[in-house]
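What follows is one structure encoded as structure tokens, with my remarks underneath.
The values are calculated or read from the model by the stated rules, or taken from the named source; none is laboratory data. Keep in mind that what you see is a predicted model, and the values were worked out from it rather than measured. Positions of Cβ are backbone-derived with ideal geometry, glycine not excepted, and every protein chain shown enters the neighbour counts. With ligands, DNA and RNA removed, areas are computed over all heavy atoms of the protein, side chains included. Shrake-Rupley method; radii C 1.70, N 1.55, O 1.52, S 1.80 Å.
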Amino acid sequence: MVEANVAIFSALDQYCLQKKNPITNAGKKRWIASTPTTRAILKEASFESGISFSRGLKVARFDHKLDSYFFVIGLDLPVSNVGNFLDEIDVDGSLLTLALSELQPAPSASDFQVRDIVEYDDGNRNPKYTGHQASGVASLFPRIQCYKSNDLSIDETQRAFFLLCLADSNHGPAWMDVDLKETFASLSELSPTSIPYQTLCRSVFDTDPSSVFLALYRCLEALYAYSHVTQLNGKLGLSKPWDQVAELLERQLGWRPREESSLEILLRSAPLKHDLEEALDAMNIKLQANSDVFSVATKSIYQLRNSLVHYRPLHQQLNPQCIDWNRLCKAMCCLVHDAYESI
């Protein structure tokens, strides 16, 4: 606990020093006030997982006994409950010390504001000093919120992060309409052990619509090996999960499925025709009479993916400005949802 407080105030000392406005009581005895009943969390909680989007934008999970504490730094969550299993709690001195010492967010206050708070008191000059008030220290950093859950599986962590990111009221993409946001949120219904929620989390805070499209494409990409490995399991009589077999094949033999053909197999495996037609229309691609919608959609989605990640002239035929990104990403959400439900 002492080390945690030293780390917090030393970082604030350094912050002001770098701005050539040093704190006068730098290095003195300073800590965040807390109560004995809550200090067990600070001493015993273990860091389980986290995502750092920037120095001032983070989500993280800490566990203490059967309780899980999800810290959200730099977001603005207006709700007291997320996903019906995360309930907001007050960030007291112990929780604040845990978050600041372990996650180390950058201060959002000016160096003068930091000095006003930190120089107010310390244990060297005041024998009655009981610590800095948590609210004062918290005001120097981006907003810190904490949500608590009980007996939550580790497998649920990334899904919880996704729901927390979606609940933010300030940092979400302004280009997203209500329908897309609701459809995007429906992906939280999928299995947390298979879908790459961390990729989806990062796309939430990107102002470029193509980032959301690429994140959704990567969700489909994660299933490319499914049909091939399922057939192999059947022929060899294997009982291992398909994703484990796919990982072994790539590690040991360097095998991985071909992308375009695997995408088509995946799209044909679920009842997705309406969503494929929506995706094509959103890309301003007109189906010719008697065209195979699965083949055309596969080629179009794959070409758009290539045009966004490669710079060769061959991949620059699609104009991103002509795409209705809300409709396309909504259709992609439906494709992802149906694909994962079908396996």
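Laid out as a table, the results:
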quantity	calculated
Residues within the stretch 251-274 that are in contact (Cβ under 8 Å) with a residue 12 or more places away in the chain, farther than 14 Å from residue 223 by Cα and in a helix (DSSP H, G or I), tallied	1
Residue within the stretch 147-162 that is open to solvent by 30 Å² or more (accessible area, probe 1.4 Å) and on the phi > 0 side of the Ramachandran plot present	yes
Residue, surrounded by the most Cβ atoms within 10 Å (Cβ to Cβ), within the stretch 275-287, restricted to residues that are assigned to a loop (DSSP other than H, G, I, E, B) and in contact (Cβ under 8 Å) with a residue 24 or more places away in the chain	283
Qualifying residue in the stretch 291-303 (condition: among the small types (Gly, Ala, Ser) and either surrounded by fewer than 16 Cβ atoms within 10 Å (Cβ to Cβ) or modelled with pLDDT under 80 (or both))	yes
Of all residues making up the stretch 101-114, the number that are touching a strand residue (DSSP E or B) at 6+ places or on another chain (Cβ under 8 Å) and part of a helix (DSSP H, G or I)	2
Residue selected from the stretch 12-40 under the condition in contact with a helix residue (DSSP H, G or I) (Cβ under 8 Å, 6 or more places away or on another chain) and open to solvent by 60 Å² or more (accessible area, probe 1.4 Å), by the criterion nearest to residue 156 (Cα to Cα)	39
Test: residue in the stretch 311-320 that is assigned to a helix (DSSP H, G or I), under 20 Å from residue 212 (Cα atoms), at pLDDT 85 or above and out of contact with any Lys or Arg (no Cβ under 7 Å at 6 or more places or on another chain)	no
Residues of the stretch 226-266 that turn out to be among the basic types (Lys, Arg) and closer than 22 Å to residue 300 by Cβ, as a count	1
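Conditions (1) touching a Phe, Trp or Tyr at 6+ places or on another chain (Cβ under 9 Å); (2) open to solvent by 10 Å² or more (accessible area, probe 1.4 Å); (3) basic (Lys, Arg); (4) farther than 22 Å from residue 93 by Cβ, marked per residue:
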| site | (1), (2), (3), (4) |
| --- | --- |
| 42 | no, yes, no, no |
| 61 | yes, no, yes, no |
| 71 | yes, no, no, no |
| 81 | yes, yes, no, yes |
